[in-house]
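A short reminder: the numbers here are calculations on the coordinates, not readings from a lab. Computed from a predicted structure; not experimentally measured. Counting neighbours? That spans all protein chains shown, and the Cβs are built from the backbone with ideal geometry, glycine included.
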Amino acid sequence: MSIATGRTQETGQGIGQSLLRPDGTLKVTGEFAYSSDLWLDGMLWGATLRSPHPSAWIRSIDVGPALKVPGVFAVLTHEDVPGEKFYGLEHKDQPVLAIDQVRYQGEPIALVAADHPETARRAADLIEVVYEVREAVTDPRKAAFDLTIPPVSVHGNLVRHQPVRVGGTFTADVVVTGEYEVGMQDQAFLGPESGLAVPAEDGGVDLYIATQWLHVDQDQIAPCLNLPKDKVRLTLAGVGGAFGAREDLSMQIHASMLALRTGKPVKFVYGREESFFGHVHRHPAWMRYEHGADRDGKLVYVKAEIVLDGGAYTSSSPAVVGNAASLGVGPYEVPNVFIDAYGTYTNNPPCGAMRGFGAVQACYAYESQMDRLAEACGLSPVEIRVRNAVSQGSLLATGQVIDTPAPLADMLRELDAMPLPGPSSLDLRELPGGVAQTTHGEGVRRGIGYGVGIKNICFSEGFDDYSTARVRVELLGDEPHVLVHTAAAEVGQGLIMVKTQIAQTELGIDRVTIVPADTTVGSAGSSSASRQSYVTGGAVRAASLAVKERLDALTADGRSLTQVLAEEGPVEETREYRHRRTFPMDPLTGQGDSHTQLALCVHRAVVDVDVELGLIKVVELAAVQDVGKILNPLALEGQIHGGTAQGLGLALMEEIQVRDGKVLNPSFTDYLIPTILDMPPMKLSILENPDPHAPYGLRGAGEPPTLSSTPAIAAAVRAATGLPLSRVPIRPDDIALAVLA
Amino acid sequence: MDFLRATTWAEALRMKADRPDATPVQGGTDVMVEINLDKGRPKALLDLTPVAELTEWSVESGNIRIGAGVTYTRIIAELADRLPGLAQASRTVGSPQIRNRGTVAGNLGAASPAGDSHPPLLASGAIVEAESVDGTRMIPVGDFYTGVKRHALASHELIRAIHVPVKRGPQYFSKIGTRNAMVIAVCSFGIALNAEDRTVGTGIGSAAPTPRRAVEAEAFLAGNWPAGDLDPAVAKRFGELVAAAAAPIDDVRGSSGYRVHALAVMARRTLGWAWQELRNGGRS
């Protein structure tokens, strides 16, 4: 049931094999063509003028000085938006370009196209905007609860309030309370927002773009351009990471507007600093929890208030709130639940999708609470979790029955039984502070912590979540060959290999080509919610089986496959695949079968902390994850390592610092992400308890490790320091100055 | 922006005299980043990479004369035995790619209070060799830093080399960052013991408008030079005096309170390591 890491490379075809991805070597050697590498002769470069203020009226915009710059072809404002002026994933509340006011620092106001990127930027700086600065609304708790605060959005200051109400017993022998805070994490993808819009002869536009979901982009772009959807054609360009940050539009409409206006191809590439203003971030969270248990540590109730700051526009905040509410107690059996989850509008940077999507914030809080409860009950962190763990047949807080395997207690026991690492050597690279040599061992204490997370896989709450695949078998060079065409975005997760391997397995043909993703085939849905292996994998499988059925019928007369294809021509089938239906949460009680699949991951973290300086070295991370079915072991391990590293980043260093609505650290100099010296080796155990509802029994795998590694590391740091540490990321100040006090 | 390229040192000096507004560029790890971020755009760049004589170091009367084009990677590989403090600091600079390009002279030219090479240069009493068509000036490094990102060079001068005394006792460098590699200093500290003179040199980084020495701490230790083992009370007091010499601010990288505290800890610890090495006859 489990595999160990470090296995030798498999060389076979089909699912279960570690096929190497075609983009891997290219990326490592710097030869991969990203969207920022797109080029056409005679193309123009776009630049965006953004608001320096988090909240202001715009009294006037004078584009005249920019238009006078030689080399400038167009300068556009909201008045030039050809169609609808607003777009958005859930509510169309975000202006394509600011109209009369700005609601966050970095909000786009005007666009420039010029024959050189530098010229475009210089010209944008010359646009004269007169602002009347307003006081920014920056405290999300005030925004949520104080009715005297002026509304930031046309929807008020509350995006969504989702209660969860179960049972009526809210007293217990053992009660622990805590307040927790999660800072604003960024997806920090390495390939900044970029793309190329090419005006077409039919009056439409061809857009080459790095995105997570081509069709939802198309749905939002076309009305703003006042074009029918078939005149806005999107092709996926090389994506340099996504993690949720490419769910919302960035420069798509802007580039298209400039291309249509100038009649020339227009390219945008955001710089690193602009990128921090060009996409949504993970919602920062303020959470108050109360856990009640009997003296044996069995949970009686959980009460929680969760406030998630969505910033200036809606983005995907409603769904993020839904996740935080429905998964707010974690994978534990809790007979009485009282949760209120809120999403707010403020003048802070807009927040939306990021790997883990609302479940991450709640996980940090409920796992911190489980450790407090363990201490109060005199139990080990593992034992308290085992005693309350869900299993198949358990109820979620929403009343939904977990109807597939969920062996959490076994996973915890397996994790606990893994051997612990020995003491670190005195090599500086193994000590807190690294080669910067802050200790030779002085002040260093070891801590161990555990974290458990549960994540919904695929879109929830009644969303019509499907994918489309077109599979074609034909002769190429006298050999049978498979073409797989979907609109699913390969964002670095390895979906190309999964599609290849499924086609190989179902058709028995090794030679598979993945056609570039574009909008000439039906929607694949988003590359998010850990859903593409499930949904697009399911679609490729269904289309492959349909092709296989026709081929079997054609070869029933004894002809060979090659003969059939030569005589009958290519065989092609297109299929849509949907997962089980989900249902909305009851707006008053939160009850409902809102999720289609649930995935578990558990982490153990071992850390060495220099308690005097507050510096931390994560010595080892061990994890047990149930993925139902392993499709590509190598790619899967990479996903677990990467998800774990992103959780480590949130625990220890990754935070967009915002003061008075302004971002203080929009650079990789001061927004730190883990290096290889920060991310330790991992011990992995990967389980395959199949979900009978999913293709091959698979369970989405990309997000769950991001949930559980953060609380495991935080718990280990608490164990090493004895400090409560109720906020992530944990800063050196939080430890060093507290120890001093 | 004009791009000037000098192939000899004499040519570089002439170019700088003609164009005092030109910013010299060597590894480009600082200058090019600033330009790309649009933070100040020089009227001209003076590329010094073709000037071969800058890429050499030599021994001159007890000092290592490090040419302005010698990279951090070479300091780590070639000078760690004689300039351990500077080599340790070099090891913490950026990534391997940055260390392959960046230079100590560039660190001085940028004069950022967070530059990693400043504390060991201060601690060991380095001297900056500045040159122009008018001649050469030897500037003690303590006089070189005049403000945040400002230095004592005249507009027509270039850094020719840095003269760093060969170690006369144990040296250590220590730097706080919020991750374990590739990080700008929250604060840093360099110490150099002079076993013969029974004196100590210090350098504080990223905790004041300029890199600076902790003069009172130096005097205190010289006046209380331990006869045998290091008295923990002396080490503690030394740390406190180092911290007292700092004037840090709160910023995105850390609070002033943390910087003061961390300096005291680093000073105490590095003194402990240095003293231990001294007692062990030079072995760390």
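Computed values, structure above
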read-out: Selection from A:ALA114, A:LEU19, A:LEU40 lying farthest towards where the dipole of the stretch A:1-153 points positive, charges on Cβ; value: A:LEU19
read-out: Only Lys, Arg (+1) and Asp, Glu (-1) charged, at Cβ; chain A dipole about Cα centre in debye; value: 520
read-out: GluC sites (Glu not before Pro) within the stretch B:192-227, DSSP loop, no more than 15 other Cβ atoms inside 10 Å; value: B:GLU196
read-out: Equivalent-ellipsoid semi-axes of the stretch A:428-544, from the Cα gyration tensor, Å, largest first; value: 43, 21, 12
read-out: The stretch A:148-168-the stretch A:368-414 distance, computed between alpha-carbon centres (Å); value: 30
read-out: Cα centroid separation - the stretch B:231-262 against the stretch B:152-222, whole Å; value: 15
read-out: Sequence of B:SER188, B:SER255, A:SER467 once ranked by neighbouring C-beta atoms within 10 Å, starting from the fewest; value: B:SER255, A:SER467, B:SER188
read-out: Rounded if a/c under 1.5, otherwise prolate or oblate - the stretch B:50-93, Cα gyration tensor axes; value: oblate
read-out: For B:LYS149, A:LYS264, order by how many other beta-carbon atoms lie within 10 Å, fewest first; value: B:LYS149, A:LYS264
read-out: Amide H within-cut-off set for A:GLU620, under 5 Å, with H built and near neighbours excluded; value: A:VAL606
read-out: Share of Cα-Cα pairs in the stretch A:361-422 lying beyond 18 Å, as whole percent; value: 48
read-out: Under the Karplus curve 6.51 cos²θ - 1.76 cosθ + 1.60, θ = phi - 60°, whole-Hz ³J(HN,Hα) for the stretch B:172-178, x wherever Gly or Pro sits; value: 9, 10, 9, 9, 8, x, 8
read-out: Residue-wise HN-Hα coupling along the stretch A:687-698, computed from phi with Karplus coefficients 6.51, -1.76, 1.60 (Hz; x: Gly, Pro); value: 9, 10, 8, x, 8, x, 7, 9, x, 6, x, 6
read-out: B:SER61 versus A:ARG413: modelled label distance in nm, points set 7 Å from Cα along the beta carbon direction; value: 7.8
read-out: Long-range amide H partners of A:LEU687 with built H, under 5 Å; value: A:GLN625, A:ASP626, A:VAL627
read-out: Sequence-distant residues sharing a close amide H with A:VAL390 (under 5 Å, placed H); value: A:TYR332, A:GLU333
read-out: Average projection area in nm² (convex hull over Cα atoms of the stretch B:25-72, one quarter of hull surface); value: 4.2
read-out: Order of B:PHE3, B:PHE144 - criterion: other Cβ atoms within 10 Å of each residue's Cβ, fewest first; value: B:PHE3, B:PHE144
read-out: Signed unit charges on C-beta, dipole axis of the stretch B:177-272, positive-most listed residue B:GLY254, B:PHE189, B:ALA243; value: B:GLY254
read-out: Values of log10 I(q)/I(0), in the order q = 0.17, 0.23 Å⁻¹, for the stretch A:332-456 under a Debye, Cα-only, solvent-free model; value: -1.05, -1.37
read-out: Unit Cα scatterers, Debye sum, the stretch B:171-279: log10 I(q)/I(0) for q = 0.11, 0.22 Å⁻¹; value: -0.31, -1.12
read-out: Global geometry of the stretch B:149-231, whether rounded, prolate or oblate, following the gyration tensor of its Cα atoms and the 1.5 cut on a/c; value: oblate
read-out: Cα gyration tensor shape for chain B, rounded if a/c is under 1.5, else prolate or oblate; value: prolate
read-out: Cα-Cα over 25 Å, subset of A:LYS68/A:LYS264; A:LYS85/A:LYS267; A:LYS499/A:LYS629; A:LYS68/B:LYS16; value: A:LYS68/B:LYS16
read-out: A:LEU190-A:GLN657 FRET efficiency (beta carbon distance; Förster radius 25 Å; 0.05 resolution); value: 0.75
read-out: Rg/Rh (Cα only; Kirkwood hydrodynamic radius) as it applies to the protein assembly as shown; value: 0.99
read-out: Modelled FRET efficiency - R0 22 Å, A:GLU181 with A:HIS161, Cβ distances, 0.05 increments; value: 0.65
read-out: The stretch A:331-339 - phi-based ³J(HN,Hα) in whole Hz, Karplus 6.51/-1.76/1.60, Gly and Pro as x; value: x, 10, 7, 10, x, 10, 9, 9, 10
